[in-house]
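Visitor: Dropping a structure here in structure tokens format, bear with me for questions.
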Amino acid sequence: MKVLFLTPRFPYPPRGGGLQKTWAMVELLRQHVDLWLFCFHQGQQDEQWASAWGKRLRMLPLSRGRNPLSFLASLIHGLPLSVFRNHSQAMARLVREAIGEGFEAVIADHLYMAHYVPPDFPGRRILHLHNVESLMWESHARLMGVVGPLMRWEAGRLRRHELALFPRFHRLLVVCEEEGKAVESLGVPGERVMVVPNVALPDLLRRPPLAPSQGMTVAFLGTLSWPPNEAGLRWFISQCFPILRRLSPGVRLVVGGHNPPPWLRRAACRGEVELLAPLGQEDEERIYQRARALVEPAWGGGGTRVKVLNALARGLPVVTTPRGLQGLDLKPGVHALVAHSPHEMAVALSRLMVDDQLWRQLSQAGREVVGRLYVPEVALRPLLEALT
């Protein structure tokens with residue numbers, strides 16, 4: 001079966017939750033179908049991985065920032081900002097020219113690539129949604145203060161775009177049941193919606209189990225410019241961390257990721273946090289080995305938390321808000337500790353700083369559940385079913 005896979009970014013190395021899911025999908029599909037990959041070239045990529053594709057890989061240059069000029073241009077083109085930032089006439093021509101070369105299915109990865117799939121393509125048309133974009137922007141709006149109304153307006157533009165494009169596809173793949181219900185609320189019949197969960201990096205499960213660190217370190221990992229991450233981290237540093245420092249004197253907070261905002265750099269200069277940015281794979285492993293817990297103070301965003309799955313796969317206990325487990329088949333108190341307030345979060349983290357028995361219970365349960373449910377060969381099985 002010859003399948004065309006359209007994705008905004010070259011998916012290797014898989015840095016970040018979105019690329020991690022895309023890479024896992026691509027690797028699984030390559031084992032079962034004749035897969036062709038069309039994407040945009042937005043920086044450095046792994047040349048060895050790229051060269052293995054040969055003629056089956058086509059990359060086009062594209063780089064548009066998330067800035068006022070791009071926003072104005074999106075208005076002129078009549079496209080939501082995130083869609084406009086991935087809009088290319090050259091890609092549209094490439095897809096139109098390739099589509100007649102015997103492809104039996106086209107998979108659009110992200111809403112951003114959906115408009116490239118011709119509505120009259122006679123084969124299978126599949127749309128994979130990392131998030132329901134309109135809902136995610138609505139969630140962002142609640143976190144963004146004075147620009148919130150503008151983001152709600154943008155969410156409306158995305159919703160109209162979704163309403164126009166969703167009927168084009170035979171199958172819409174979502175990451176959890178909650179997002180599936182949101183897609184159905186936009187008029188998509190339930191039988192066309194399939195859940196394909198996010199996955200942890202398989203390599204994390206293959207590493208030796210962690211042992212409780214002798215230090216007292218709490219870790220936060222993620223793309224640091226992403227609004228839900230930034231809002232959650234601000235909340236934790238201002239509301240929770242002072243309580244935790246009183247409960248556990250000497251505790252440290254290490255923050256690792258990419259694109260830290262200026263306020264976080266200033267906090268690091270003042271010694272309030274330890275900042276590792278940009279974060280390499282070896283740096284991330286050192287954080288896993290050093291930390292006693294990963295904190296995920298999730299209050300917004302969409303989809304499910306890949307960073308939670310990765311931490312559990314590595315065996316690092318997680319403390320999060322209820323939203324941090326949303327859409328995941330995880331039990332509070334068994335696979336992760338869940339807090340509803342700053343004080344509850346500080347108390348849970350303080351326990352993990354000293355309670356080795358609790359630490360080991362959570363570590364083992366986390367690795368077990370990820371290995372059972374959130375590895376590619378299990379979680380991505382519906383992707384193959386969608387092709388039939």
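Visitor: Out of everything in region 33-91 that is at positive phi and modelled with pLDDT of 90 or more, what residue ends up being surrounded by the most Cβ atoms within 10 Å (Cβ to Cβ)? I'd like the intermediate steps shown before the answer.
Guide: So the first thing to find is which residues in region 33-91 are at positive phi, and the list is 43, 54, 78.
Then keep just the ones that are modelled with pLDDT of 90 or more; that gives 54, 78.
On the way: 54: 7, 78: 10.
Looking at the filtered set, the residue picked out is 78.
Visitor: May I pose another question? Quick one: which residue in 180, 145 is farther than 18 Å from residue 305 by Cα and free of Cβ contacts under 8 Å to residues at least 40 places away in the same chain? Working first, answer last.
Guide: Values: 180 fails: farther than 18 Å from residue 305 by Cα.
Testing whether each residue is farther than 18 Å from residue 305 by Cα and free of Cβ contacts under 8 Å to residues at least 40 places away in the same chain leaves just 145.
Visitor: Of these, 303, 271, which one is surrounded by 16 or more Cβ atoms within 10 Å (Cβ to Cβ) and either on the phi > 0 side of the Ramachandran plot or not in a loop (DSSP other than H, G, I, E, B) (or both)?
Guide: Numbers: 271 fails: surrounded by 16 or more Cβ atoms within 10 Å (Cβ to Cβ).
After applying the criteria, what remains is 303.
Visitor: Scan 277, 211 and give me the residue that is of a type in the set (A, V, I, L, M, F, W, C) and at pLDDT below 95. Working first, answer last.
Guide: Working: 211 fails: at pLDDT below 95.
None of the others qualify; the one that does is 277.
Visitor: Only one of (1) touching a residue at least 40 places away in the same chain (Cβ under 8 Å); (2) touching a helix residue (DSSP H, G or I) at 6+ places or on another chain (Cβ under 6 Å); (3) among the β-branched types (Val, Ile, Thr) fails for residue 175. Which number is that?
Guide: (2)
Visitor: Something else about it: Would you mention how many residues in region 344-388 are of a type in the set (Ser, Thr, Tyr), over 30 Å from residue 242 (Cα atoms) and over 21 Å from the mean Cα position of the chain (by Cα)? Write out each step before concluding.
Guide: Kept after step one, since they are of a type in the set (Ser, Thr, Tyr), are these residues of region 344-388: 350, 363, 374, 388.
Remaining after also requiring over 30 Å from residue 242 (Cα atoms): 374, 388.
Those still in the list that are over 21 Å from the mean Cα position of the chain (by Cα) too: 388.
So the count comes out to 1.
Visitor: Please go through region 59-82 and pick out each residue that is touching a Phe, Trp or Tyr at 6+ places or on another chain (Cβ under 8 Å) and closer than 19 Å to residue 147 by Cβ.
Guide: Matches in region 59-82: 70, 73, 74, 81, 82.
Visitor: Let me ask you something else. Going through region 287-300 one residue at a time, which ones are over 13 Å from residue 237 (Cβ atoms) and either modelled with pLDDT of 95 or more or β-branched (Val, Ile, Thr) (or both)? Lay out the reasoning, then the answer.
Guide: From region 287-300, those over 13 Å from residue 237 (Cβ atoms) are 287-294, 296, 298-300; that's our starting set.
Selection gives 287, 288, 289, 290, 291, 292, 293, 294, 296.
Visitor: What's the number of the only condition in (1) of a type in the set (Asp, Glu); (2) buried (at least 16 other Cβ atoms within 10 Å of the Cβ); (3) not assigned by TED's automatic domain parsing to the domain that holds residue 310 that residue 284 fails to meet?
Guide: All conditions pass for residue 284, except number (3).
Visitor: Would you check which residues across region 93-124 are in contact with a helix residue (DSSP H, G or I) (Cβ under 6 Å, 6 or more places away or on another chain) and surrounded by fewer than 20 Cβ atoms within 10 Å (Cβ to Cβ) and list them?
Guide: The initial filter retains those residues of region 93-124 that are in contact with a helix residue (DSSP H, G or I) (Cβ under 6 Å, 6 or more places away or on another chain), namely 95, 108-109, 111-112, 114, 116, 119.
Selection gives 119 alone.
Visitor: Something else about it: Just wondering, is there one or more residues in region 307-317 that are over 29 Å from residue 249 (Cβ atoms), in contact with a strand residue (DSSP E or B) (Cβ under 9 Å, 6 or more places away or on another chain) and in a helix (DSSP H, G or I)? Talk me through it step by step, then tell me what you get.
Guide: Of region 307-317, the ones over 29 Å from residue 249 (Cβ atoms) are 309-310, 313.
Those still in the list that are in contact with a strand residue (DSSP E or B) (Cβ under 9 Å, 6 or more places away or on another chain) too: 310.
Subset that is in a helix (DSSP H, G or I): 310.
Yes, there is a match, as at least one residue in region 307-317 is over 29 Å from residue 249 (Cβ atoms), in contact with a strand residue (DSSP E or B) (Cβ under 9 Å, 6 or more places away or on another chain) and in a helix (DSSP H, G or I).
Visitor: Select from region 231-252 the residues that are touching a Pro at 6+ places or on another chain (Cβ under 6 Å) and buried (at least 21 other Cβ atoms within 10 Å of the Cβ) and write down the one among them that is farthest from residue 344 (Cα to Cα).
Guide: So, considering only residues that are touching a Pro at 6+ places or on another chain (Cβ under 6 Å) and buried (at least 21 other Cβ atoms within 10 Å of the Cβ), the one farthest from residue 344 (Cα to Cα) is 232.
Visitor: Let me ask something additional. Within region 115-160, which residues are closer than 22 Å to residue 189 by Cα, in contact with a Leu (Cβ under 7 Å, 6 or more places away or on another chain) and assigned to a helix (DSSP H, G or I)?
Guide: 115, 133, 134
Visitor: Against the condition on the phi < 0 side of the Ramachandran plot, assigned to a strand (DSSP E or B) and surrounded by fewer than 21 Cβ atoms within 10 Å (Cβ to Cβ), how does residue 218 come out, does it pass? Reasoning before the result, please.
Guide: Working: on the phi < 0 side of the Ramachandran plot: yes; assigned to a strand (DSSP E or B): yes; surrounded by fewer than 21 Cβ atoms within 10 Å (Cβ to Cβ): no.
Criteria not met by residue 218.
Visitor: Filter region 144-196 down to the residues that are under 18 Å from the mean Cα position of the chain (by Cα) and over 30 Å from residue 104 (Cβ atoms) and list them by number.
Guide: 178
Visitor: A follow-up question, please. For residues that are of a type in the set (Val, Ile, Thr) and farther than 29 Å from residue 5 by Cα, tally how many sit in region 114-149. Steps first, please.
Guide: Just the residues of region 114-149 that are of a type in the set (Val, Ile, Thr), to begin with: 117, 126, 132, 146-147.
Keeping just the survivors that are farther than 29 Å from residue 5 by Cα gives 146-147.
Number of matching residues: 2.
Yes/no matrix, rows are residues, columns are (1) touching a Gly at 6+ places or on another chain (Cβ under 7 Å); (2) surrounded by fewer than 21 Cβ atoms within 10 Å (Cβ to Cβ); (3) under 30 Å from residue 282 (Cβ atoms):
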site	(1), (2), (3)
162	no, no, no
165	no, yes, no
168	no, yes, no
171	no, no, no
183	no, no, no
186	no, yes, no
192	no, yes, no
195	yes, yes, no
208	no, yes, yes
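The values are calculated or read from the model by the stated rules, or taken from the named source; none is laboratory data. Note that the structure is predicted; figures quoted are calculated from it, not measured. No Cβ is skipped: glycine too gets one built from the backbone with ideal geometry, and neighbour counts run over all protein chains shown.
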